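The values are calculated or read from the model by the stated rules, or taken from the named source; none is laboratory data. Computed from a prediction, not measured in an experiment: that's the story for all the values here. Using ideal geometry, Cβ is built from the backbone for each residue, glycine included, and neighbour counts are taken over all protein chains shown. Side chains are part of the model used for accessible areas, which takes the heavy atoms of the whole protein and leaves out ligands, DNA and RNA. Shrake-Rupley method; radii C 1.70, N 1.55, O 1.52, S 1.80 Å.
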Amino acid sequence: MALLEVLNLTKTFGGLSANQDISFSVQEGELVGIIGPNGAGKTTLFNCISGFYPVSSGKVIFNGKNITALKAHETARRGLARTFQIYAASGDLTVIENVMVGCFMRTRSRSKAQAAAEEILNEFNLTGIGDVFVGELPVAVQKRVTMATALGSGPRLLLLDEVAAGLTPNEIEEIMANIRHIHSHLGIAVMLIEHVMELVMKVSDRVMVLDYGRKIADGPPRTVAKDPEVIKAYLGERFVREHQEML
Amino acid sequence: METLKSAFDFSDFPRLDISIAGIIAIFLLVFPLFSHSAFAMATMIQFLMFSVYGMGWNTIGGYGGQVDLGKAQYVGIGAYTTAVLLIRWNIPFWFSMPLGVCLAMAWSFIIGYPLFRLKGHYFAIATIATSLVLMDLFSVWEFVGAARGLEISPIKYHYPDFWRLIFKKDIYYYYVILGFFFVGILYVNGFRRSRLGFQLRSIRDNEEMASSLGINVHWAKIKTYAIATAFVSVVGSFHACYIKNIEPQDTMGLDLSILIALMAMLGGAGSLWGPIIGAAVLIPLKSYLKAWLGGAAGLAGIDLVIYAVIIMLISALEPRGIWGIVEKVRRRRWQ
Ligand SMILES: Nc1ncnc2c1ncn2[C@@H]1O[C@H](COP(=O)(O)OP(=O)(O)OP(=O)(O)O)[C@@H](O)[C@H]1O
Ligand SMILES: [Mg+2]
């Protein structure tokens, strides 16, 4: 049985279909990349799955249960964590406090939450900055704190929305190490929206492409990158020429 | 057990803070033993009462960031519960006070449920509007004395009556409210690092992020609103026994609601010491203004103007109030 199953999901805003009849599934422990041009409906898809938007039609099945009508905090409690494209962690809280908020989903005890948070910071190579306010950190580190916070809630599926946007190659390396840790070491399933192709193509087991709200491709990274429709809609001829060796 | 331990754990404050807090605590404990004027004593009691009001407000308003301008109605519920039960059935404070807390919290759920569907300025305005419902009701309700209010006649009791909190000397009232003051500090100290405390700070920062971490934002706010309500209701009950004369206007009015919020905001919303600092500044100012304006009817309301100016200054200069300035200076010094 798949961990997540999305069936004929449609989301309209007024006349606009941000998601149009999208179906796919994610297996336990799988890492699925999602790419597509700006406005393709990627973030909207996350919002529908995680209960931030009510869907217009279709179904979301998670872990065998229909979660389509659940609110955001309810999907979170069932093991669905996410990060946000537009904001990072809470700036008024310190790094460890942020992660503890996540950990408090699993326990009432402060000492347990703190111990769990310290362990995650350790795994994320964020030790030493636990007591720094997140607002005072560089964006790249803030993004990693957000991921650590989401991880604190103990998810079975983690939705990451453009965690590498605007970062330097070195910073992307660090993020990639964190994602690998979540996926390979902890075995948590991940869905990853990303415009940074190097990252998506390297880490994904499978890549899904959205365009104008529709799913236009879904398959292994190499296959998807050679798909003429994907090249036309998103990647462009130049990308394929320049990334021959990667593909 | 862990909760109790964390209430007494102040180890995350710098040593300087703990020393100053200790000195102030000792001063508060011994203050009545030194010779003092009745005015000074009355001002100190007011200071302690408003500190506790502010501590309560600080849970939802400070840590939770929900600017609540309607806390006075719950002061009124506490005060009226205690006064009515004492006058009609001779029921002592230590029974009526917890009952008042229960009634106030029940009412806070009824008010809080729809209220917290609103956000930001709409929320703040709605807290004002809903806070005046009870005051209007009590102003015409004969059972509770309507607009005249209620008076506890002390002649009926033998001084000092610890069960009913009827004393002749203010020093008794002083130590009772000082006890509540210390309990309040310990409670908030535990609260700020409890699960709910963390969740509220997360909500203040970003509600969407909070709900993505499994926090039921609406419910967390309602719960905390009820906690804040319990604080002010206790002081309301105390107020009834101490002042012995309660009216709808001064236990449930908008002035009181604004003053409560102002204490915490001026001193530092979302910090443990903030409400105490705010009360230490504002209560002497309030007493002074009252003495200065006296019965000058034409000037009535000028105190509200001054409070309004303070609110504007805080929001323009330092939303974190006096404590925010202290922390800023400190951090600059360390860097
Ligand atoms: N709350 C909303 N109300 C109205 N329209 C919306 C809303 N959210 C998204 N949209 C619209 O839905 C479409 C898809 O937006 P979405 O944010 O999902 O795109 P995206 O693929 O995440 O793009 P990007 O790569 O720029 O982040 C856009 O046309 C957007 O304007
Ligand atoms: Mg997006």
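Contact map, the range B:174-198: first residue open to solvent by 30 Å² or more (accessible area, probe 1.4 Å), second residue at pLDDT 95 or above and charged (D, E, K, R), Cβ cut-off under 6 Å, separation 6 or more or different chains; the map is empty. Scan the range B:192-209 for residues that are at pLDDT 95 or above and over 16 Å from A:MET105 (Cα atoms) and the total you get is 0. None of A:ASN8, A:ASN19 is touching a Cys at 6+ places or on another chain (Cβ under 8 Å), in the same structural domain as A:ALA164 (by TED's automatic domain parsing) and touching a residue at least 40 places away in the same chain (Cβ under 8 Å) except A:ASN19. Of the helices (runs of 4 or more DSSP H) lying entirely inside the range A:41-140, those containing at least 2 residues that are more than 9 Å from every other protein chain (Cβ to nearest Cβ) and farther than 20 Å from A:LEU160 by Cα are A:110-123.
Evaluate the range A:67-74: report whether one residue or more is over 20 Å from the mean Cα position of the chain (by Cα) and in the same structural domain as A:ILE175 (by TED's automatic domain parsing). Yes, the range A:67-74 contains at least one residue that is over 20 Å from the mean Cα position of the chain (by Cα) and in the same structural domain as A:ILE175 (by TED's automatic domain parsing). From the list B:LYS286, B:LYS221, the lone residue that is within 21 Å of B:TYR174 (Cβ to Cβ), more than 13 Å from the chain's Cα centre (by Cα) and touching a residue at least 60 places away in the same chain (Cβ under 8 Å) is B:LYS286. Within the range A:47-58, residues that are closer than 8 Å to A:LYS71 by Cα and touching a residue at least 12 places away in the same chain (Cβ under 8 Å) reach partners that are surrounded by fewer than 18 Cβ atoms within 10 Å (Cβ to Cβ) and of a type in the set (D, E, K, R) with beta carbons closer than 9 Å, at six or more positions or on different chains, in the pairs A:GLY51/A:LYS71; A:GLY51/A:GLU74; A:PHE52/A:LYS71; A:PHE52/B:GLU208. Residues that are within 19 Å of A:GLU28 (Cα to Cα), over 13 Å from the mean Cα position of the chain (by Cα), open to solvent by 10 Å² or more (accessible area, probe 1.4 Å) and touching a residue at least 12 places away in the same chain (Cβ under 8 Å) are absent from the range A:113-124.
Quick grid of which residues meet (1) β-branched (Val, Ile, Thr); (2) open to solvent by 10 Å² or more (accessible area, probe 1.4 Å); (3) within 16 Å of ligand 2 (Cβ to nearest atom):
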site: A:ASN38; (1), (2), (3): no, yes, yes
site: A:CYS48; (1), (2), (3): no, no, yes
site: A:GLY58; (1), (2), (3): no, yes, no
site: A:LYS65; (1), (2), (3): no, yes, no
site: A:THR75; (1), (2), (3): yes, no, no
site: A:ALA81; (1), (2), (3): no, no, no
site: A:GLY91; (1), (2), (3): no, yes, no
site: A:MET100; (1), (2), (3): no, no, no
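Note on the range A:19-36: residues that are more than 13 Å from ligand 2 (Cβ to nearest atom), closer than 22 Å to A:ARG180 by Cα and either touching a helix residue (DSSP H, G or I) at 6+ places or on another chain (Cβ under 9 Å) or within 14 Å of chain B (Cβ to nearest Cβ) (or both) total 4. Of the strands (runs of 3 or more DSSP E) that lie entirely inside the range A:152-241, those containing 3 or more residues that are within 14 Å of chain B (Cβ to nearest Cβ) span A:157-161. Within the range A:139-150, if we keep just the residues that are within 21 Å of A:GLU198 (Cα to Cα) and under 13 Å from the mean Cα position of the chain (by Cα), the residue that is farthest from ligand 1 (Cβ to nearest atom) turns out to be A:ARG144.
Yes or no, residue by residue, for (1) out of contact with any Cys (no Cβ under 8 Å at 6 or more places or on another chain); (2) open to solvent by less than 30 Å² (accessible area, probe 1.4 Å); (3) more than 30 Å from B:ASP205 (Cβ to Cβ); (4) within 16 Å of ligand 1 (Cβ to nearest atom):
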| position | (1), (2), (3), (4) |
| --- | --- |
| A:GLY152 | no, yes, no, no |
| A:GLY166 | yes, no, no, yes |
| A:ASN170 | yes, no, no, no |
| A:MET176 | yes, yes, no, no |
| A:SER184 | yes, no, yes, no |
| A:ARG206 | yes, no, yes, no |
| A:THR223 | yes, no, yes, no |
| A:LYS226 | yes, no, yes, no |
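Can you tell me how many residues in the range B:199-236 are open to solvent by 10 Å² or more (accessible area, probe 1.4 Å), among the small types (Gly, Ala, Ser) and touching a Leu at 6+ places or on another chain (Cβ under 8 Å)? Of the residues in that region, 0 qualify.
All of B:THR59, B:THR43 fail the test of being in a helix (DSSP H, G or I), at pLDDT below 95 and within 30 Å of B:PRO319 (Cα to Cα), apart from B:THR43. What are the residues in the range A:23-36 that are surrounded by fewer than 23 Cβ atoms within 10 Å (Cβ to Cβ) and either within 12 Å of ligand 1 (Cβ to nearest atom) or of a type in the set (D, E, K, R) (or both), if any? Matches in the range A:23-36: A:GLU28, A:GLU30.
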